[in-house]
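Worksheet for the structure shown next.
The values are calculated or read from the model by the stated rules, or taken from the named source; none is laboratory data. These figures come from a predicted structure and were not determined experimentally. Quick reminder, even Gly has a Cβ in these numbers, built from the backbone with ideal geometry, and neighbours come from all protein chains shown. Please note that ligands, DNA and RNA were not included when accessible areas were found on the heavy atoms of the full protein model with its side chains. Shrake-Rupley method; radii C 1.70, N 1.55, O 1.52, S 1.80 Å.
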Amino acid sequence: MKGLILSGGRGTRLRPLTHTSAKQLIPVANRPVLFFGLEAMHRAGIAEVGIVVGDTHADIESAVGNGSQWGLHVEYIHQEAPLGLAHAVLCAEEYLGDEPFVMYLGDNLILGGITNFVHHFLTHRPSSLILLAHVRNPQQFGVAELDASGRVTRLVEKPKQPKSDLALVGVYLFDHSIFDACKAIRPSGRNELEITDAIQHLIEHGLRVDAHLVEGWWKDTGRLEDMLEANRMILDSLEPAMHGHVDEVSDIHGKVIIESGARIARSTLRGPLIIGENTEIFDSFIGPFTAIGSGCRVEGSEIEHSIVLSDSSILHVGSRIEDSLIGRNACIVKSNGRPSAYRVMVGDHSRVEIR
């Protein structure tokens with residue numbers, strides 16, 4: 001069995017950060033979201049993985065390399081434009097051959113992994129197995145309808161009146177029959193080849209499509225709110241670790257990870273949180289569910305429930321920053337005047353003056 005990770009989208013919901021970086025490389029708990037998918041493949045016993053890439057291929061190829069750090073052999077498959085998930089499958093047909101494969105959306109995060117999902121497929125051998133989760137807003141997802149035996153009878157993309165609250169999570173398992181299905185369908189109203197239409201084609205032609213429910217927690221990290229929630233969940237699952245330097249007057253509470261080379265002075269850190277390598281925290285408060293990347297500097301400021309990417313600075317900001325995503329090499333600094341509460345999403349190489 002092979003793996004296929006889709007990392008070719010443009011990430012429009014996370015702009016401006018995705019103008020300069022692939023959305024799959026934005027970190028949660030200081031690790032790119034894409035890396036969690038690669039780990040999930042390895043833990044499920046999959047050794048060969050193809051990554052479908054687009055305009056941001058150079059960033060992804062630089063970050064992942066040949067996959068050896070996860071015990072994988074990775075190859076890259078170029079998709080000329082984001083023309084739908086089924087189109088990505090067709091782009092990968094030559095690479096995948098006749099083997100069954102797991103298809104995993106690169107901006108998804110599944111805390112429980114996919115090992116049991118793969119085991120279900122290998123045990124029961126349907127034509128397709130789709131991973132589902134109960135959601136509060138099924139109108140925003142592809143929705144599955146099941147019969148009494150748990151087999152999928154119908155898939156609808158973003159239905160106005162959903163008959164189920166079971167959403168497609170973004171992880172699928174297919175045998176070779178999916179290629180004919182993808183070739184048989186026509187582009188949707190948004191000019192994409194929809195994987196839901198391809199799976200529906202399998203159902204309508206008598207092929208067996210099974211469902212498997214998410215075990216644990218799942219998040220599509222395509223929006224700011226989702227990134228912050230994913231960051232919160234991952235941080236809460238980590239064990240504390242102290243590899244940097246903390247002075248005697250600083251207070252550390254809860255699950256706190258301080259990576260090597262980091263320096264903490266005259267500050268309060270209340271976990272769960274992570275401080276990246278060579279980051280400096282002086283005279284500041286770092287609150288729960290915050291991930292600060294490597295090479296950052298926070299001085300005279302307060303921040304919580306936020307993600308700060310590498311090499312950024314937050315200097316003498318009077319009010320607390322919260323619910324924020326701050327890009328690489330950004331600088332947030334206090335200017336004159338009376339500051340109030342801020343909620344910001346700052347792109348790479350930006351500078352924000354707060355009055």
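Being open to solvent by less than 10 Å² (accessible area, probe 1.4 Å) and touching a Pro at 6+ places or on another chain (Cβ under 8 Å) is a property that ILE46 lacks.
Answer yes or no: is there a residue in segment 136-145 that is at pLDDT below 90, surrounded by 17 or more Cβ atoms within 10 Å (Cβ to Cβ) and part of a loop (DSSP other than H, G, I, E, B). For segment 136-145, residues at pLDDT below 90, surrounded by 17 or more Cβ atoms within 10 Å (Cβ to Cβ) and part of a loop (DSSP other than H, G, I, E, B): present.
For segment 20-74, how many residues meet the condition of being within 16 Å of LEU309 (Cβ to Cβ), assigned to a helix (DSSP H, G or I) and of a type in the set (Val, Ile, Thr)? Of the residues in that region, 1 qualify.
Let's see how each residue does on (1) touching a residue at least 12 places away in the same chain (Cβ under 8 Å); (2) more than 24 Å from VAL33 (Cβ to Cβ); (3) part of a loop (DSSP other than H, G, I, E, B):
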residue	(1), (2), (3)
MET233	yes, no, no
ASP236	yes, no, no
VAL249	yes, yes, yes
ILE252	yes, yes, no
SER260	yes, no, yes
ASN278	yes, no, yes
PRO288	yes, no, yes
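Listed residues ASP251, ASP236; which is under 13 Å from THR290 (Cα atoms) and either open to solvent by less than 70 Å² (accessible area, probe 1.4 Å) or of a type in the set (D, E, K, R) (or both)? Show your work before the answer.
Details: ASP251 fails: under 13 Å from THR290 (Cα atoms).
After ruling out the rest, the residue left standing is ASP236.
Scanning segment 290-323 for residues that are in contact (Cβ under 8 Å) with a residue 60 or more places away in the chain and open to solvent by 30 Å² or more (accessible area, probe 1.4 Å) turns up SER294, HIS305, ASP323.
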